[in-house]
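One structure is given here, and the rest of the page talks about it.
The values are calculated or read from the model by the stated rules, or taken from the named source; none is laboratory data. Nothing here was measured: the structure is a model prediction, and the numbers come from that model. Virtual Cβ from ideal backbone geometry, glycine too; neighbours counted across all protein chains shown.
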Amino acid sequence: MRFTVVHRTRYAYSGPVRLGPHLLRLTPRPERVGQVDHQLLIDPEPVDRWQEVDDNGNLVTRLIFEGQTRHLSIESRFALDTPALPALVTDMPPLPWPGQGAPVAPTVAAFSDALAAEAGGQAAGFLDRLNTTLYTRIDRRIRPTGAAHTPEHTLESGRGACRDLAVLFIAAARAQGMQARFVSGYQACSETPDGRRYLHAWPEVHLPGLGWRGFDPTHGTRVEEGHVSLAAAPDQAGTMPVEGGFTAGPVTSTLDFDLRIETDT
């Protein structure tokens, strides 16, 4: 699938500020997309910028600024092709997997165990059942900012944003001894009910012989060519698209964004 993405982020300040060092996670991860035509436009222009790979394998851009400003604008543009993925194999060890479990809330552990039992301990069946169950059971809400809720909160309240579903999926998978991580990026589905596009989030699970494979409980699908990942980490904090701060007197700041995604099969 061909993706063309323009993602604009703008911070406005009520008075002059000095921008501290910033870190951006807006470059698509290279493992699935190959060659990427990517532009990153920054205003004000940083006095230094470089790209590096962080501890989670994400391509990050670091920015250094000088002087004062009343705004910071970041525009990421890219075009790329996502390939189809091989089928999910079913020949995997039965659940739970030993030696990789992570402590989770009792309600989440019980929820995970029940789904694993329904799947007969079969890993692929459990993951698909977990994905479908969250899609049908959790009332999905738009919440553009803020950290993800705890897995038990999302499970018990029955509602959440995409990042909340991702965190709940990760906890349920880890309860079965699976390695799982949080991913942020873009997806090809149409606009949300408010007519806007948003940065998306989903979980990935490490599977024998396949590596990291994604699931999208917000849409009830497996992650295939209709998703582009920007950053992956054990938790949401390691995937934030923009990190940085400023120093100033008593000023206020506002954040606005615009995301446009075009796809062609």
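A compact table of results
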quantity: Odd one out for H200 among (1) closer than 24 Å to D139 by Cβ; (2) free of Cβ contacts under 8 Å to residues at least 40 places away in the same chain; (3) out of contact with any helix residue (DSSP H, G or I) (no Cβ under 9 Å at 6 or more places or on another chain); calculated: (3)
quantity: Matching residues in segment 79-108 - criterion: being polar (S, T, N, Q) and surrounded by 11 or more Cβ atoms within 10 Å (Cβ to Cβ); calculated: T82, Q100, T107
quantity: Residue match in segment 27-48 (condition: touching a Pro at 6+ places or on another chain (Cβ under 6 Å), more than 27 Å from T154 (Cα to Cα) and modelled with pLDDT of 95 or more); calculated: no
quantity: Qualifying residue in segment 26-35 (condition: touching a Leu at 6+ places or on another chain (Cβ under 6 Å), more than 24 Å from H227 (Cβ to Cβ) and surrounded by 13 or more Cβ atoms within 10 Å (Cβ to Cβ)); calculated: no
quantity: Any chance A79 is closer than 28 Å to Y11 by Cβ and not assigned by TED's automatic domain parsing to the domain that holds A201; calculated: yes
quantity: Residues of segment 136-164 satisfying the condition of being farther than 28 Å from Y11 by Cβ and either surrounded by 24 or more Cβ atoms within 10 Å (Cβ to Cβ) or not small (G, A, S) (or both); calculated: T136, R137, I138, D139, T150, P151, E152, H153, T154, L155, E156, R159
